Amino acid sequence: MSEAPPTPAAAPSGGGASMRLRGLMRKEFLQIMRDPSSIAIAFLMPLVLLLLFGYGVSLDAKNIPIALVVEQPSADTASFTASFQGSRYFRPSRYNDLQQAEAAMMAGRVDAIVVLRQDFERQLQQAGGTPIQLIVNGVDANTARIVMGYVEGAWGTWLQQTARLSGQSFDAPVSLTQRVWFNSELESRNYLVPGLIAVIMTLIGALLTAMVMAREWERGTMEALLVTPLAMREVILGKLLPYFILGMGGLALSVSMAIWLFEVPLRGSLWVLFVASALFLITALGMGLLISTVAKNQFVAGQIAIITTFLPAFLLSGFIFDIGSMPVVVQAITHIVAARYYVAILQTVFLAGDVWSVILPNAGALVVLAAVFLGLTRRNARKRLE
Amino acid sequence: MADASSPRGAALQATSLCKRFRAGGREVQALRDVSFSVKPGIVTGLIGPDGAGKTTLMRLAAGLLMPDQGRIEVLGMDVARQPLQVQGTIGYMPQRFGLYEDLTVQENLDLYADLQGVSPAARSDRYDELLHMAGLAPFTDRLAGKLSGGMKQKLGLACALVRQPPLLMLDEPTVGVDPVSRRELWDIVYRMVEQHGTSVLLSTAYLDEAERCSEVVVLHDGDLLDQGTPDTLREPVRGRTFAVTAADLPKRALQARLARADGVIDALVQGDHVRVVMEDDTPPDLEAVLPEAKQARVEPAPPRFEDAFVDLLKARTQPDETPRSDAAEVPLEPAQSDHVVIEVQDLQRRFGSFYAVRNVSFAVKEGEVFGLLGANGAGKSTTFRMLCGLLPPSGGTLRVAGADLRTAGAEARARIGYMSQKFSLYGNLSVAENLRFFSSAYGLFGRHGAQRIDWALEEFALAPIANSVSAGLSLGYKQRLSLACALMHEPGILFLDEPTSGVDPLARREFWQRIGELAGQGVTIMVTTHFMEEAEYCDRLAIMVAGEILTEGTPADIKAQAQTPEMPEPTMEDAFVELIQAHDKEAEAA
Amino acid sequence: MTSVFRRILALMGKEFLALLKDRRSRFVLIVPPLIQLLVFGYAATFDLKNVPYALFNEDAGYAARDLAAALRGSPSFTEVAQLSHSGEIAPLINSKEALMVVRIGPRFSADLLSGRTAPLQVIVDGRNSNTALLVVNYVRAIVDQFNRDWAEAHGTRLPPAYIETRAWFNPNLESRWFFLPGIVGLLTLLVTLLVTSLSVAREREQGTFDQLLVTPMRPVEILIGKALPGFIIGIVEASLIVAATVFWFGVPLMGSLLTLYVGVLLFLLSAVGVGLMISSLAVTQQQGMLGAFFFMVPAIILSGFATPIANMPWLIQQLTLLNPMRYFLVVLRGVFLEGTPFQLLIPQLWPMAAIGLVALATAAWLFRHRMY
């Protein structure tokens, strides 16, 4: 449809194009209001997903069941084990010998075993020091690492106490002090919730739009639309604008929940958040519309949308898994995943603030992707049935 | 071919149109070198069965498809070059009417007025006019999805007319709509032509609607068969059509005999006589065909468009494409007994507050052909589904072969055959695979199963296409396959839900022929249809409207109810319209 | 009785034909699982590699150089910048160019040599708190090693106790070993659900289900005929992914295959049951697909697939008891990595069987009672 601007014949009255667009948008809004599934995807789904993730998913291990095996109790072993009792990270239980503890680990009742051997007391006085054995269940490598970190923390605390009591100093040559910026409590919710907003916006933008376009094809209403003086760009715009507004509504809901329900700090400014989200939403809508030029029924549209937008937004956006640690090929692929740029902006605006050196390049990438998707849609969308 | 040199100022001019599609790896020639013109200011009918290429042609004319070859001009504009201008000028109603079912009547009108650029000032007058014309004025706030089929059709038409177009294109506007609504639609179309000089191109699969058009374009299998006025199209069969009556023969037996007689092209039950089309103008030799019928008479009959169409089709069809016709003789003695096999009392089915079926009662005797007539949404299929045990009734009782199929065991279900709407078969399985599956599902294995599959392949002439994927078959073949599957286990009762919708007239004739034979063998047959003329094949029938049975009886009885001095010989459709109008009057009075 | 079997066999054969002849279902069976296997196998990892960090070394001493070399030598870290004043730290972290800045103070070597504790500061970007936590742990391990080496070389006094860590079942703590057995469960669930959740809905939409119900086949026969293809496809899919996990990704299979397959079968029983239940509720394929999607997302999130169930709040933990995935993941990881014997897995096996039987019974009931 390169030629043919709307002709005088097509639009007898003055503001033909704007009247057509207004008509299309009014229709779309009425349909959204009357179709519970659109409302559900735009508002109910963010609610459910955020609640599920906000409350259900946490990488912060707490109350880890741990076995303490003390082969020969003494004052020193007592002071050591005491440092585990008070910790909110551990739920320790005592075992008398290693075999029992190992059986408990096999049966999944404990995730780690700390063993203080018989000669613990004696070796403590010797030059080389005494080993504290830590056996972790390595199946869940991530949790295992976290457990190891926590145990070392407990060990360090105990060392200092012992030092203070004995008046000796056995400070390590180098002591590590850590400062975690932006999320000093290391709350995983603080990064999961902003990341989830990207997944939700992908679903609203791409899945919903692809499905409602496919619905028009399936029900035969697209045929009726195409035989009106509507230009294809008006058809695209007539879908884009209403779902853009719906998506921004879903965004407002998600952001409110993030701030007030999950108490994720918003350190950047709200307007940056909304402008970036608007950009991402346009990109997602562009993907949805592009899918709909290929998939003319809801089943196929849904499948393609899930595989090409939802899964990448989940796995390849840096939302959960660190992109830098992925193989090079996979890293290259993430560059065409729009959610990647949006997740970077979201995590920065929420937790760090208006850091322009992050926001601008990522926003730029979103603009490029939006232009590409919309451009391809415009090129592929024919005002035809073939 | 019709003159391609075109009269000047044609509303639509198609020249050597070709269009191919790829469907499931197969190339389908939807249109083959089609040329015709639509004269301004009259109604032109585009007539042909499903799959003839009507919709493709309509879409080409509307700029929704591009022709592979040839060109099409609408109101002097080349559609391929100026699609937007064409679309800004014409009125077009797609199949299924193009309505947004979740918008109200008013909102649908507003949308199309916006899209067509109708100025706000002009709207209220235009809306008033359209809504009154369509009889929708009281329902402006109702969702389009909640309208009856007839009302949807009129709303779709109103939307296409929202800006008075010089050319109106309607794609199968009358499909599945009751006869009253069909007549109303035609009234609106005629009014547009008379008052505004609108040119109309209307496609339909109902052959009788050809008679209502000023000009007719006949399509079949992508070919243009003929074009002209209904009169000129009827001309070839003039003098070759006769009405045969034989009071001492059952009409189905009479029809079967005549259909197989020499020189007969078509034989069709019509009221109390059988209509016959001959190869030439010699009437059928009754002495030879019906030696035992003493009261047989033959009279010349006026030709109809359908006669001409069948004549055209027969001339095109190769003899080996049709199933063998020397099938079992339809016995002269009716096989009916007084044994009631289907009995329905006060049957009801409610969906929420809506009654899909209300107080329906009837009884069907063994060996009878019983028809349920009505428009889409009248409750025929719901009644059927309850009879077959697919849907629990909300009230009333029903018995099929002495059992309620919903609770009865597998043995009871083994006695019935069921052929659903749309010929539901496994589309991506081949013909043979479908047959094999259904024979196993009915517990026919080993040699017996193989025998039945061979029988089906031969009896229904499916052997040449046994390995074709069934989704790619023509509708006529799908219908045959579907019936073959339903007959696999030689059931005593056969349920047929809309068995002939969309298939071409030859396939319909062949189908009813077979039903006649089955009934002759004592099979009880229950059938639904929205083709009024098919009611003639039934022994008895019930007409359903809005979930209720309006009337019940033999075809002759029902037509007799509608007899008036002005209409001494009403057709089934006349009777239907008459009865509904009487019913509505009664309802108003009450 | 034999005719019952042959009818079921015929229905099963038809299901397979219909499924494998359809381009769309072939696509659904092959492409999404393959993509997900690759993406999960390669992308889903909590192990850090090449974490970009900047070094802010204010000390010219050799001790500082040694420590910097230790950092540089770790495959987990990549040095992207060397800073010269503290003002450079914030922009670098803010812009995500570096995830961490390691600051070695000016008196670092001097402190060390004089026997005082030398402080080492790390500043970590906490926007992804899990990564931050891991980064700190990685650095701590490097520092610990440095301390031990230093003490040995200089004969300084060491703490009286040290930790000796051993990780069972996954000695190198590779998170791929953790995710891949889980993917067997994830993809088996995905494929089985898609196959079964559409099987009845598709027939309903096309009208063939009515045709099926009027044949003498009983609902139970239809149920079995519809369930078995799901089973068989599920087993094939599971076997392929198990093979890929073991032979392509090199995850060890410690336990017995028999135990594994008992788990697979019982899990399939529940997955097929849930799928058929969704399918009998759905009128269109559309609804079937949405239903499967809305079952699958929580089923995966709340299964312990990526995050431990133990970290969830009590109420949600109770909810996961209804999730067959939860049990299957324990079986998979147990058999794969721990070599858990059969009897220890019985508490995981019977709930899957129970969920499966209840779901299948419900589906059979729905066949005849959900009809419009």
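Derivation of every value follows stated rules applied to the coordinates shown; laboratory data play no part. A quick note: this is a predicted structure, and the numbers were derived from the prediction, not measured. Note that we place each Cβ from the backbone using ideal geometry, even for glycine, and neighbour counts take in every protein chain shown.
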(message) Going Cα to Cα from C:Lys49, which aspartates and glutamates come in below 20 Å? Please leave out same-chain ones fewer than 8 positions away.
(response) A:Asp140, A:Asp322, C:Glu79, C:Glu97, C:Asp125, C:Asp144, C:Glu174
(request) Determine the shielding of peptide C:329-336 by partner chains: average, over its residues, the number of Cβ atoms on other chains within 10 angstrom of each Cβ. (result) 1
(request) With springs connecting C-alpha atoms under 10 Å apart, model chain C as a Gaussian network and identify which of C:Pro229, C:Pro324, C:Pro52 has the largest mean-square fluctuation. (result) C:Pro52
(request) May I ask you to evaluate 6.51 cos²θ - 1.76 cosθ + 1.60, the Karplus curve with θ = phi - 60°, for each residue of the range B:268-279 and list the ³J(HN,Hα) values in order in whole Hz, giving x for glycine and proline? (result) 9, 6, 9, x, 8, 10, 10, 8, 10, 10, 9, 5
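How long are the semi-axes of the ellipsoid equivalent to the range A:64-166, from square roots of 5 times the Cα gyration tensor eigenvalues, in whole Å, largest first?
Equivalent ellipsoid of the range A:64-166: 22, 16, 12 Å, largest first.
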(request) Work out the FRET efficiency for C:Ala70 and A:Val367 from their Cβ-Cβ distance, taking R0 = 51 Å, and round it to the nearest 0.05. (result) 0.75
(request) Starting from the Cα of B:Lys585, step 7 Å along the direction of its Cβ; do the same at C:Ala153; then give the gap between the two resulting points in nm. (result) 11.5
(request) Note the angle between two axes, namely the Cα long axis of helix A:209-219 and the longest principal axis of the Cα atoms of chain A, as a number of degrees from 0 to 90, rounded to the nearest 10. (result) 40
(message) Please compute the contact order of the range B:12-232 in relative form: average sequence separation of alpha-carbon pairs under 8 Å and at least six residues apart, divided by the residue count, as a percent.
(response) 31
(request) For the protein assembly as shown, state what percent of all Cα-Cα pairs lands in each successive 20 Å bin, counting from 0 Å until the bin that includes the largest distance. (result) 9, 31, 30, 18, 9, 3, 0
(request) Would you be so kind as to identify all helices of chain C, as entire DSSP H runs, whose Cα atoms reach 30 Å or more along the helix's own axis and whose mean Kyte-Doolittle hydropathy is at least 0.0? (result) C:175-206, C:219-243, C:257-281, C:342-369
(request) Pop the C-beta distance of C:Ala354 and C:Glu58 into the FRET formula with R0 = 60 Å and round what comes out to the nearest 0.05. (result) 0.40
(request) Please check chain B for the longest run free of GluC sites (Glu not before Pro) that are loop-located per DSSP (anything but H, G, I, E, B) and have at most 16 other Cβ atoms within 10 Å. (result) B:1-278
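Taking the Cα centre of chain A as origin and charging only Cβ (+1 Lys, Arg; -1 Asp, Glu), how large is the dipole, in debye to the nearest 20?
In debye, rounded to 20, chain A gives about 1560.
Beyond 23 Å, what share of the Cα-Cα pairs of the range A:241-330 remains, rounded to the nearest whole percent?
Cα-Cα pairs in the range A:241-330 separated by more than 23 Å: 39 percent.
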(request) Would you calculate the separation in nanometres between label points at B:Glu27 and A:Gln133, each defined as 7 Å from the Cα along the Cα-to-beta-carbon direction? (result) 7.8
(message) Shape verdict for chain A, please, from the Cα gyration tensor: rounded (a/c under 1.5), prolate (a/b greater than b/c) or oblate.
(response) prolate
(message) Using a Förster radius of 35 Å, what is the FRET efficiency between A:Ser79 and A:Arg109 based on their Cβ-Cβ separation? Nearest 0.05, please.
(response) 0.85
(request) Output ³J(HN,Hα) for the range B:515-522: one whole-Hz value per residue in order, computed from phi by the Karplus curve 6.51 cos²θ - 1.76 cosθ + 1.60 with θ = phi - 60°, and x for Gly and Pro. (result) 4, x, 4, 4, 4, x, 7, x
(request) Between the alpha-carbon centers of the range C:147-223 and the range C:6-80, tell me the distance in whole angstrom. (result) 14
(message) Filter B:Lys478/B:Lys559; B:Lys294/B:Lys559; B:Lys152/B:Lys585; B:Lys154/B:Lys559; A:Lys27/A:Lys239; B:Lys54/B:Lys380 down to the pairs with a C-alpha to C-alpha distance above 21 Å, please.
(response) B:Lys478/B:Lys559; B:Lys294/B:Lys559; B:Lys152/B:Lys585; B:Lys154/B:Lys559; B:Lys54/B:Lys380
(request) Grab the alpha carbons of chain B, take their convex hull, and tell me the volume per residue in Å³. (result) 166
(request) Enumerate the calculated ³J(HN,Hα) couplings along the range B:157-172 in order (Karplus 6.51 cos²θ - 1.76 cosθ + 1.60, θ = phi - 60°), each rounded to whole Hz, writing x wherever the residue is Gly or Pro. (result) 5, 4, 5, 6, 9, 4, 10, 2, x, x, 10, 10, 10, 10, 9, 6
(message) Straight-line reach only, C-alpha to C-alpha below 20 angstrom: list the lysines that C:Lys226 could link to, leaving out same-chain residues fewer than 8 apart.
(response) C:Lys14, C:Lys21
(request) With label points built 7 Å along Cα→Cβ from the Cα atoms of B:Asn467 and C:Thr2, find their separation and express it in nm. (result) 3.0
